[in-house]
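This report concerns only the one structure given below.
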Amino acid sequence: MKPLHRENHLIERIGWLRAAVLGANDGIISTASLMVGVAAASTNSSEILVAGTASLVAGAMSMAAGEYVSVSSQSDTENADLQKERRELAEDPESELNELTQIYVRRGVEPALARQVAEQMTAKDAFTAHARDELGLAEHVVARPIQAALTSAVTFALGAAIPLIISLVAPTALIAPIVSGGSLVCLAVLGALGARTGGADILKPTIRVTFWGAIAMAATAAIGTLVGHAV
């Protein structure tokens, strides 16, 4: 008999991968866009650097707070549903057994076999069976607020550092085009890496993130030019 092995599925990465990709993308796009906008309005390199640094710090804190609040709300909802399921199992186990049986029947299992499966699953761990098959909650998809917040903050800061570093080595007169070009290249690489890590096709995510990054930078540059000329 072959030894049992544990398969690693890509869906298990979804929690931290979503937060990481979102954080890094936002870090690059928002910081690069802000710096390009300021560069379009001012030729003072120190002002551009200050704007980029402020964007890094404020953005990282905002991402952490936003992710924590958002994912905490999801976690609260999940916990409320789980507590409700615990009460129902304690108060009316027979109805819950029938409910689990019908879930398996709807999935294509013969009624008699579905009943047998439901009974065996209930005997082993009724709560886990209902959490997984009735609520769709499993260990790899449960909300983790702290993990999401830390991942978003760190990856945002790392992403935001890229246009800052580029601006330090770019000539002052060429900060806007060099930061834009370098940031778009990094966005394309990040999009490809995120898609590869998630097991998806590389081309579409790469084009998508690069396109919207270019739109954001162009819009901010246009507004910076208008404001700079107005004042």
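The values are calculated or read from the model by the stated rules, or taken from the named source; none is laboratory data. Small disclaimer: the values here were computed from a predicted structure and weren't measured. FYI the Cβ positions are ideal-geometry reconstructions off the backbone, even for glycines, and counts take in every protein chain you see. Quick note on the areas: whole protein, heavy atoms, side chains included, nothing else; ligands and nucleic acids left out. Shrake-Rupley method; radii C 1.70, N 1.55, O 1.52, S 1.80 Å.
Just one of the listed residues (GLU85, GLU91, GLU119) is of a type outside the set (A, V, I, L, M) and within 33 Å of the chain's Cα centre (by Cα), and it is GLU85. Could you tell me whether region 40-56 includes any residue that is assigned to a helix (DSSP H, G or I), farther than 23 Å from ILE162 by Cα and modelled with pLDDT of 85 or more? Checked region 40-56: no residue is assigned to a helix (DSSP H, G or I), farther than 23 Å from ILE162 by Cα and modelled with pLDDT of 85 or more.
Residues that are hydrophobic (A, V, I, L, M, F, W, C), farther than 23 Å from VAL50 by Cα and in contact (Cβ under 8 Å) with a residue 60 or more places away in the chain were ranked within region 181-219; the one that is most open to solvent (accessible area, probe 1.4 Å) is TRP212. Selection of region 49-106 for residues being touching a Lys or Arg at 6+ places or on another chain (Cβ under 9 Å) and among the polar types (S, T, N, Q) yields SER75, ASN98, THR101. Going by the conditions given, is TYR104 farther than 29 Å from LEU22 by Cα and touching a residue at least 12 places away in the same chain (Cβ under 8 Å)? Considered against the rule, which asks whether it is farther than 29 Å from LEU22 by Cα and touching a residue at least 12 places away in the same chain (Cβ under 8 Å), TYR104 comes out as yes. Whenever a residue of region 114-128 is polar (S, T, N, Q), its partners that are part of a helix (DSSP H, G or I) and open to solvent by 50 Å² or more (accessible area, probe 1.4 Å), lying with C-beta atoms within less than 9 angstrom and at least six residues away or across chains, give the pairs THR122/PRO93; THR128/MET121. Residues satisfying the criterion are present in region 74-90 (criterion: in contact (Cβ under 8 Å) with a residue 24 or more places away in the chain, open to solvent by 50 Å² or more (accessible area, probe 1.4 Å) and closer than 24 Å to VAL154 by Cα). Tallying residues that are of a type in the set (A, V, I, L, M, F, W, C) and within 18 Å of ASP81 (Cα to Cα) within region 93-129 yields 6. Across region 165-180, the number of residues qualifying as crowded, with 23+ Cβ neighbours inside 10 Å and either within 9 Å of SER45 (Cα to Cα) or touching a His at 6+ places or on another chain (Cβ under 7 Å) (or both) comes to 2.
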